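The values are calculated or read from the model by the stated rules, or taken from the named source; none is laboratory data. Being a predicted model, the structure only gives us computed values, none of them experimental. Here the Cβ is made from the backbone with ideal geometry for all residues, glycine too, and neighbour counts use every protein chain on show.
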Amino acid sequence: MRSALTVMMACLIASFAVPGTASAQTGRAAIVKGLHQSDIETVQPLIREMLDNDEVGSTREWRSPSGNQGELRLVKGGKLADMDTGRVRITVIAKERRIKTFTFRYERDAGGEWRTAG
């Protein structure tokens with residue numbers, strides 16, 4: 001179960017980091033037990049919005065049509081902090097149990113898009 005969640009989050013992050021491959025990544029992620037394409041489609045725009053519009057410490061809840069849900073927390077940085085970097089903590093809840101929490105770093109690229117860093 002733990003490795004499946006690691007693959008899930010890797011696919012989620014890869015869809016941010018590699019332009020033009022989001023559909024291929026989400027297609028692969030959809031076959032991981034407990035992960036649905038709708039989860040990724042739900043979280044991606046929320047993370048971008050947080051990095052552009054929210055203050056450090058802000059949270060957003062997410063719930064996808066799959067029934068999975070969780071919380072996003074802007075831990076550091078973002079546009080309102082006048083930074084081109086940020087950290088977002090992603091909590092995944094499935095079947096009413098917290099499964100995993102991940103923290104990812106993001107950087108704004110030359111085109112103004114948020115991408116995963118490191």
Output the residues belonging to the stretch 37-54 that are under 15 Å from residue 89 (Cβ atoms) and not β-branched (Val, Ile, Thr). 46, 50, 51, 54
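Just wondering, is there one or more residues in the stretch 103-113 that are of a type outside the set (D, E, K, R), closer than 19 Å to residue 37 by Cβ and touching a helix residue (DSSP H, G or I) at 6+ places or on another chain (Cβ under 7 Å)?
First pass over the stretch 103-113, keeping only residues of a type outside the set (D, E, K, R): 103-104, 106, 110-112.
Next cut, closer than 19 Å to residue 37 by Cβ only: none.
For the stretch 103-113, residues of a type outside the set (D, E, K, R), closer than 19 Å to residue 37 by Cβ and touching a helix residue (DSSP H, G or I) at 6+ places or on another chain (Cβ under 7 Å): absent.
Test residue 32 against the criterion of being on the phi < 0 side of the Ramachandran plot, modelled with pLDDT under 75, part of a loop (DSSP other than H, G, I, E, B) and surrounded by 15 or more Cβ atoms within 10 Å (Cβ to Cβ), and give yes or no. Let's see the steps before the verdict.
Numbers: on the phi < 0 side of the Ramachandran plot: yes; modelled with pLDDT under 75: yes; part of a loop (DSSP other than H, G, I, E, B): yes; surrounded by 15 or more Cβ atoms within 10 Å (Cβ to Cβ): yes.
Criteria met by residue 32.
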Of all residues in the stretch 35-68, how many are among the β-branched types (Val, Ile, Thr) and assigned to a strand (DSSP E or B)? 1
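A quick yes/no check of all residues on (1) surrounded by 14 or more Cβ atoms within 10 Å (Cβ to Cβ); (2) at pLDDT 95 or above:
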{"position": "39", "(1), (2)": "yes, no"}
{"position": "57", "(1), (2)": "no, yes"}
{"position": "79", "(1), (2)": "yes, yes"}
{"position": "83", "(1), (2)": "yes, yes"}
{"position": "96", "(1), (2)": "no, no"}
{"position": "100", "(1), (2)": "yes, no"}
{"position": "114", "(1), (2)": "yes, no"}
Checking 71, 107 in turn, the sole residue that is among the acidic types (Asp, Glu), within 11 Å of the chain's Cα centre (by Cα) and either in a strand (DSSP E or B) or at pLDDT 95 or above (or both) turns out to be 71
Just to be sure, is residue 88 closer than 19 Å to residue 116 by Cβ and at pLDDT below 95? yes
